[in-house]
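The values are calculated or read from the model by the stated rules, or taken from the named source; none is laboratory data. What you see is a predicted model, and the numbers here were worked out from it, not measured in a lab. Using ideal geometry, Cβ is built from the backbone for each residue, glycine included, and neighbour counts are taken over all protein chains shown. Just the protein is used for accessible areas: all its heavy atoms, side chains included, with ligands, DNA and RNA removed. Shrake-Rupley method; radii C 1.70, N 1.55, O 1.52, S 1.80 Å.
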Amino acid sequence: MADQLNKPENEEAPVNTRDFVGAVAQDQEYEERVVAVNRSSKVVKGGRNFSFSALVVVGDKKGKVGMGFGKANEVADAIRKGGEQARKNIVTVPMFGTSVTHFVAADFRGASVIVRPASAGTGVIAGGGMRHVLELGGVKDVLAKSLGSKNAVNVVKATFAAIAKLRTRSEMLAKRDRNTL
């Protein structure tokens, strides 16, 4: 009876993109996390053509983090391309101890994020894609809030804009032409 219910071999099963979100892969240097997978469809003469996009964040949990957005006709290929792109776009997260150096707010299109330093032992209090970026960047204590759009791609890009605004104490002193405060 069960054999009669099997599908023909040439017919593909629908892809459940939720199985890939949150997937973690590690190589020798960076940990990789899939933040979001999106399915797009194009209607053609023979039916629908599906394509997939994957937002991937990679980091070493020691102050380096990167983001990539891969697109392909298969989910696995989109994730692979996103990972490759993320490894090319690595940035350094300025930190003071286990937290960020100072308060910062940043926007990207409809998404706004606020990132504040926190005392030791607080943990990463952040939601959605922001949590993945900050954890893989090595930040252990931070208070963060995502405002506006909940689109994962825009939230992650806004988080990277916030990281780009962060400065260390030595950078600020050099900018002011002072040795100490």
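Consider G83 carefully, then state whether it is assigned to a strand (DSSP E or B) and over 17 Å from V155 (Cβ atoms).
Against the criterion (assigned to a strand (DSSP E or B) and over 17 Å from V155 (Cβ atoms)), G83 does not qualify.
Which residues, taken from region 127-141, are open to solvent by less than 50 Å² (accessible area, probe 1.4 Å) and over 13 Å from V65 (Cβ atoms)?
If the condition is that a residue be open to solvent by less than 50 Å² (accessible area, probe 1.4 Å) and over 13 Å from V65 (Cβ atoms), then G127, D141 are the ones that fit.
Please identify the pairs in which a residue from region 103-125 that is free of Cβ contacts under 8 Å to residues at least 40 places away in the same chain and under 18 Å from V93 (Cα atoms) has its Cβ atom under 6 Å from the Cβ atom of a residue that is charged (D, E, K, R) and part of a loop (DSSP other than H, G, I, E, B), counting only partners at least 6 apart or on another chain.
Once the first residue is free of Cβ contacts under 8 Å to residues at least 40 places away in the same chain and under 18 Å from V93 (Cα atoms) and sits in region 103-125, its partners that are charged (D, E, K, R) and part of a loop (DSSP other than H, G, I, E, B) give A118/D141; A120/D141.
Among A174, A120, A105, which is part of a helix (DSSP H, G or I), open to solvent by 40 Å² or more (accessible area, probe 1.4 Å) and more than 23 Å from V37 (Cα to Cα)?
A174
The rows are residues; the columns are (1) open to solvent by 10 Å² or more (accessible area, probe 1.4 Å); (2) basic (K, R); (3) under 25 Å from M172 (Cβ atoms).
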residue: S41; (1), (2), (3): yes, no, no
residue: G47; (1), (2), (3): yes, no, no
residue: V58; (1), (2), (3): no, no, no
residue: K61; (1), (2), (3): yes, yes, no
residue: I90; (1), (2), (3): yes, no, yes
residue: S112; (1), (2), (3): yes, no, yes
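Applying the selection to region 81-102, what residues are over 16 Å from E29 (Cα atoms) and either of a type in the set (D, E, K, R) or without any contact (Cβ under 8 Å) to a residue 12 or more places away in the chain (or both)?
If the condition is that a residue be over 16 Å from E29 (Cα atoms) and either of a type in the set (D, E, K, R) or without any contact (Cβ under 8 Å) to a residue 12 or more places away in the chain (or both), then K81 is the only one that fits.
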